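Heads up, the thing below is written out as structure tokens.
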Amino acid sequence: MVIIAIIDDGVNSEEVKHRVDSYKIFQNKIVRDIDIPKESSHGTICARIIEKRGNVDFFYSIKILDENGRGNIEALCLALEWFADKKVNLI
């Protein structure tokens, strides 16, 4: 099984062919994200490119960027550690 992780501004699951499990950082914890980006976010564009070029079974997405495209190193480190525990194939 090929699992791809995207750390960005979220993935619109309606615009990709494969399943997307979406999460976000909230109060320094990783929680389910039920807010689907309304437009083609950068994360969605990346997921679509990966689908066209590679073998994917499903995506994990962690939104660490806010509406202004800003994030912080703590959120990035938390996401990387979480994905390492999930044993994803590519981040």
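Table for the structure above
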item: Total lysine pairs whose alpha carbons fall under 19 Å of each other in the chain (8 or more apart, or interchain); result: 12
item: Relative contact order for the chain, counting Cα pairs under 8 Å that sit 6 or more residues apart, in percent; result: 46
item: Dipole in debye (nearest 20) - the chain, about Cα centre, beta carbon charges: Lys, Arg +1; Asp, Glu -1; result: 260
item: The stretch 1-80: GluC sites (Glu not before Pro) in DSSP loop, at most 14 other beta carbons within 10 Å; result: 39, 67
item: Structure-based [θ]222 nm, the chain - -39500 (n - 2.57) summed over DSSP H runs of at least 4, per residue, nearest 500; result: -9000 deg cm²/dmol
item: Sequence-distant residues sharing a close amide H with residue 23 (under 5 Å, placed H); result: 33, 61, 62, 63
item: Solvent-accessible area, 1.4 Å probe, carbon plus sulfur percent, for the chain; result: 49
item: Highest-first arrangement of 76-82, 23-29, 5-11, where packing means the average Cβ count within 10 Å; result: 5-11, 76-82, 23-29
item: For residue 2, residues with placed amide H under 5 Å, excluding near neighbours; result: 57, 58
item: Value of D in µm² per second that Stokes-Einstein yields for the chain, Kirkwood Rh from Cα pairs, at 4 °C (1.567 mPa s); result: 100
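The values are calculated or read from the model by the stated rules, or taken from the named source; none is laboratory data. All of these numbers come straight from a predicted model, not from anything done at the bench. Glycine gets a Cβ as well: all are built from the backbone with ideal geometry, and neighbour counts include every protein chain shown. Surface accessibility is based on the protein's heavy atoms, side chains included, excluding ligands, DNA and RNA. Shrake-Rupley method; radii C 1.70, N 1.55, O 1.52, S 1.80 Å.
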